[in-house]
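Below is one structure, written out as structure tokens, with a few remarks after it.
The values are calculated or read from the model by the stated rules, or taken from the named source; none is laboratory data. Computed from a predicted model, the values in this text were never measured in an experiment. Every residue, glycine as well, gets a Cβ built from its backbone with ideal geometry; the counts of neighbours run over all protein chains shown. Each accessible area value is taken on the protein alone, full model and side chains, heavy atoms only, with ligands, DNA and RNA left out. Shrake-Rupley method; radii C 1.70, N 1.55, O 1.52, S 1.80 Å.
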Amino acid sequence: MGGDTANLQRQPLADWWCSSVTGLMVHARELHRLGPANNDRLSAVRVALSVAVPGLFLILIGRPDLMMYAVFGALTGMYGRNETHQLRLKHQAQAALFLVGGLAIGVFLSVNHIHSWWLVLVATLFAGVGSLYADAVRLKPIGPFFGILALGACASVPTNVPFTTAVLIAAASAAFSMVVGFTGWFRRRTWDSGAARDIPVLRGPLRQAALVHAARYSLAVSAAGAIGVLSGSGHPHWAMAAAAVPLAGADLPSRVHRGIHRIVGTFLGLAVVAVVLFPSPLSPLQYFPGQTAVVLAVLVVLCQFPTELFMARHYGWAMVFFTPVILLIAQLASPMDPGVLVMERAIETFVGAVVGIAVAVLVRAPRGRVPEKTG
């Protein structure tokens, strides 16, 4: 009898272990799975061009340090990738409003030297409101991640130009991205006055699901930011941005996958950054003495193409290239010790992604009442 009782007690533990191992195997397989191609090259060319032209202009006028504002504005080109030109124009206008708005808030915080806990508070509020906005207009890429990233990054570096100049650079870059995305329309020049994106109104269950999802974002961003500030990190906004990444998944498994992809992809991307910034024969900086800013700016432009190429097919691979984009524009805006830069990015990304996964697991939509995800 005692043996039967012991076996019964061990059975739940064995079931948990088997399910955990199975889950880990599923997530491991996801790291190698490449999604189907879907017009990725054309979209990647559009985004790369949107980044390249403003970036090269800043290089020519001797201000590559301002590339951060141009790059975040140019991310407008990532939205509406497979929509018709007419609908893409509207979609990108909605994305530009969100991206430039987040950037403007970040620049305002930087200009007024508002950091630490105030940054966490502002980013938390922006994450919740941004989630509701992203769900209401059905932004795709889904969620407020890029707006949160723009806000935190711009708030965390000194602003070397007037507030309006920084915002205008971002707005001009966003406008250029919209022009690039709309250029193909001139081949046919047809305009459907009744064309509209299929966006369900957030009412009833959809509205409740959107509110729950906004709460996830606010909780994840605030918790990750608090950990970053309490740990003494100089870049808590990296943890806040990383915490938002898993929540863009459509369901719990996809959210866990995105969190793991974020960690693995970022770590591989940090290896690329280390090769570039650390003195060694492999670093391109060694072969262009005195041209560090120009080399970094060119690398930012080059890395944007593969970022968009893989963004919809494999998030982890996209992060391998997007990580250098973000760190190199930060290095252009406010240079720091490469070792500290890489180490803090690794720690903050890991902490933030784990927090985001934990929030995704713990905060669920009420069963039987609302869908799991509105986006």
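Reported count of residues in the range 67-85, each being open to solvent by 10 Å² or more (accessible area, probe 1.4 Å) and either among the hydroxyl-bearing types (S, T, Y) or touching a helix residue (DSSP H, G or I) at 6+ places or on another chain (Cβ under 7 Å) (or both), is 4.
Cβ-Cβ contacts under 6 Å between residues 6 or more apart (or on different chains), taken from a first residue in the range 207-227 that is within 14 Å of L125 (Cβ to Cβ) to a second residue that is surrounded by 20 or more Cβ atoms within 10 Å (Cβ to Cβ) and among the polar types (S, T, N, Q), are listed as A214/S131; Y217/S131; S218/T124; V221/T124; S222/T124. Taking the condition open to solvent by 60 Å² or more (accessible area, probe 1.4 Å), of a type outside the set (S, T, N, Q) and in a helix (DSSP H, G or I), does L247 pass? No; evaluated as a whole, the condition is false for this residue. Test A136 against the stated conditions and say whether it is closer than 21 Å to I326 by Cα and of a type in the set (G, A, S). No; evaluated as a whole, the condition is false for this residue.
The C-beta contact set for the range 67-84 (first residue closer than 13 Å to S173 by Cα, second residue at pLDDT below 95 and among the basic types (K, R), distance under 8 angstrom, 6+ apart or interchain) comprises G77/R46. Any residue in the range 100-108 that is part of a helix (DSSP H, G or I), free of Cβ contacts under 8 Å to residues at least 60 places away in the same chain and under 30 Å from F186 (Cβ atoms)? Within the range 100-108, one or more residues are part of a helix (DSSP H, G or I), free of Cβ contacts under 8 Å to residues at least 60 places away in the same chain and under 30 Å from F186 (Cβ atoms). Might you check whether a residue that is of a type in the set (D, E, K, R), touching a Pro at 6+ places or on another chain (Cβ under 9 Å), under 23 Å from P246 (Cα atoms) and touching a residue at least 40 places away in the same chain (Cβ under 8 Å) occurs anywhere in the range 138-158? Yes, some residue in the range 138-158 is of a type in the set (D, E, K, R), touching a Pro at 6+ places or on another chain (Cβ under 9 Å), under 23 Å from P246 (Cα atoms) and touching a residue at least 40 places away in the same chain (Cβ under 8 Å). Among the residues making up the range 131-174, a single one is crowded, with 20+ Cβ neighbours inside 10 Å, of a type in the set (S, T, N, Q), under 19 Å from L58 (Cα atoms) and modelled with pLDDT of 95 or more: S173.
Looking at this structure, is V45 within 20 Å of the chain's Cα centre (by Cα), touching a residue at least 40 places away in the same chain (Cβ under 8 Å), in a helix (DSSP H, G or I) and closer than 19 Å to L328 by Cβ? No: the conditions fail for V45. Tell me, please, whether a residue that is aromatic (F, W, Y) and not in a loop (DSSP other than H, G, I, E, B) can be found in the range 79-87. For the range 79-87, residues aromatic (F, W, Y) and not in a loop (DSSP other than H, G, I, E, B): absent.
Here S280 fits the description: not in a helix (DSSP H, G or I) and not aliphatic (A, V, I, L, M).
With respect to the stated conditions, R63 is basic (K, R), without any contact (Cβ under 8 Å) to a residue 60 or more places away in the chain and either surrounded by fewer than 19 Cβ atoms within 10 Å (Cβ to Cβ) or touching a His at 6+ places or on another chain (Cβ under 9 Å) (or both).
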